[in-house]
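Worksheet: the structure to be examined is printed underneath.
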Amino acid sequence: MSVALRDVHKSFGRTTALDGLELRVEEGEFFCLLGPSGAGKTTTLKTVAGLERPDSGTVEIDGRDVRDVEPYDRGVAMCFESYALYPHRSVYDNLVSPLRSPRHRLPAAEARERVGATAELLGISGLLDRSVGQLSNGQRQRVALGRVLVRPARAFLLDEPLSHLDAKLRQQMRAELKAIGSVRRTTTLYVTHDSVEALALGDRIGVIRDGRIVQTGTREDIWYRPHDTEVARAFGRPRINLLPGTVTEAGAFRSADGAVELPLPVRAPAGSEVLVGVRPRDVRPAGDGHRLSGSVYVTEVLGRSVEVTVRIGAQHLSLVAPRSEAAGLRPDEPVRPAVRPENLLVFEADRPGRPGRRIGKST
Ligand SMILES: Nc1ncnc2c1ncn2[C@@H]1O[C@H](COP(=O)(O)OP(=O)(O)OP(=O)(O)O)[C@@H](O)[C@H]1O
Ligand SMILES: [Mg+2]
């Protein structure tokens, strides 16, 4: 099933939740909607499900306006942030009840089989006889996800379904979720505010802000061609370095204090104020690239790699390198980090309430 929202507006009293939202999810696609709290993610899902009615604009399913189609008849299954479970009933009962509803009634044996298979996938087979009231938050969340996946549906709408799991389980479930056959085959609109999750799961990602889609694209689009500084900041940990400065007569970048000069991969008018974005993984403590000269400010071990913050004049430049390359670095020692200029991003300067837009390749 394909899903499209066209110029959808939705307000609650004085609060604008959706402000001209445009979104299209293709048949069979796993689409991640990423954005901060209050951006309108849940409202978007509810609008698709038919639980909220747009003030204006249209929702289309398979190209057909579904204004007059009841939620039950839309063929979508939605998983809520606040898991709507029956607390006094067993996990089994919670999982099987969607299959007993008048609309989705399945023969008992088939229902039992689907519940078993879904529980297996989610690693909760051992909990089927337990009462939901006795479960941890992470276990409940998996039951809630199970209640969605157990149902035959033509689209899944998942609202932060892994947010209550601990880091390890989340990573594991993330890997498994996409491998689940029904999820792989079924159009899925997946809401998260975790950029790592969006990059890992999304065939495409839509970045939502203030009720509007700022950018839609593949992970490569979002990573290498972010729409603006806020999208660039939202993806990647440690965060992208954004150095303020101006474009020189020769078309290079010079930081405000003159300490950093870099060649620019795009053409921008001399004198314009820009922010240059450098991903920490595109800088190394030594080696090939454009060399800068600074001193080690602080180092922090991140598993097999090390984050090194280098002070260059008034700037702090963060880089990530394998331990072997960064092991010897001590605070205050001089260092000449090498920047790979081909991946530099150039943005207009940020203005209040308006993140600077990326300046595209002009050659
Ligand atoms: N039923 C409602 N009544 C009043 N305001 C609402 C209602 N539902 C949502 N809002 C408001 O609409 C805006 C968007 O809310 P929404 O729940 O869609 O955000 P979200 O992106 O899902 O956020 P979160 O990440 O915190 O879940 C928020 O300002 C919210 O307070
Ligand atoms: Mg929400």
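The values are calculated or read from the model by the stated rules, or taken from the named source; none is laboratory data. These figures come from a predicted structure and were not determined experimentally. So basically every Cβ, Gly included, is an ideal-geometry build from the backbone, and we count neighbours across all protein chains shown. Just so you know, the surface numbers come from the protein's heavy atoms only, side chains and all, with ligands and any DNA or RNA stripped out. Shrake-Rupley method; radii C 1.70, N 1.55, O 1.52, S 1.80 Å.
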Net charge, Val306 excluded, C-beta distance under 15 Å - Lys, Arg +1, Asp, Glu -1: +2
Förster radius 35 Å - calculated FRET efficiency between Val196 and Val298 (Cβ-Cβ, nearest 0.05): 0.90
Rounded to 5, percent antiparallel among DSSP beta bridges of the chain: 75
Segment 1-150 - charge dipole about Cα centre, Lys and Arg +1 at Cβ, Asp and Glu -1, debye rounded to 20: 600
For the chain, built as a Gaussian network whose Cα springs stay under 10 Å, the top-fluctuating residue of Val191, Val306, Val96: Val306
For the chain, with +1 on Lys and Arg beta carbons and -1 on Asp and Glu, the positive-most of Phe31, Val96, Gln171 along the dipole: Val96
Convex hull volume per residue in cubic angstrom - Cα atoms of segment 22-98: 139
Neighbourhood net charge (12 Å Cβ-Cβ; Lys/Arg +1, Asp/Glu -1) for Phe347: +1
At least 15 Å along the helix axis (C-alpha) and Kyte average at least 0.0, DSSP helices within the chain: none
Approximate shape of segment 205-363 as ellipsoid semi-axes (Cα gyration tensor, √5λ), whole Å, largest first: 26, 20, 13
Efficiency of FRET between Asp19 and Asp257 - r from beta-carbon atoms, R0 41 angstrom, step 0.05: 0.60
Sites Glu342 and Asp7, calculated FRET efficiency, Cβ-Cβ separation with R0 30 Å, nearest 0.05: 0.20
Calculated [θ] (222 nm, deg cm²/dmol) that DSSP helices of n ≥ 4 give over the chain, each run adding -39,500 (n - 2.57): -6000 deg cm²/dmol
Ser37 paired with Asp68, simple spin-label distance in nm, labels 7 Å along Cα-to-beta-carbon: 4.2
Relative contact order (%) - criterion: Cα under 8 Å, at least six apart; region: segment 220-363: 28
Distance in nm between pseudo-label sites at Glu220 and Ser272 (7 Å out along the Cβ direction from Cα): 2.6
Amide H within-cut-off set for Arg209, under 5 Å, with H built and near neighbours excluded: Val214
Per residue, the convex hull volume that the Cα atoms of the chain enclose (Å³): 168
Value of Rg/Rh across segment 1-158 [Cα atoms, Kirkwood radius]: 1.00
Two-decimal Rg/Rh across segment 112-207, once Rg and the Kirkwood Rh are taken from alpha-carbon atoms: 0.95
Difference of contour (0.36 nm per residue) and Cα-Cα distance, Glu333 to Arg185: 47.9 nm
Per-residue HN-Hα couplings for segment 332-348 [Karplus 6.51, -1.76, 1.60; θ = phi - 60°; Hz; x = Gly/Pro]: 6, 6, x, 8, 10, x, 10, 9, 7, x, 5, 9, 4, 10, 10, 10, 5
Dimensions (Å) - segment 324-363, Cα atoms, principal axes, largest first: 40, 30, 16
Accessible surface of segment 83-176, 1.4 Å probe, proportion on carbon and sulfur as whole %: 48
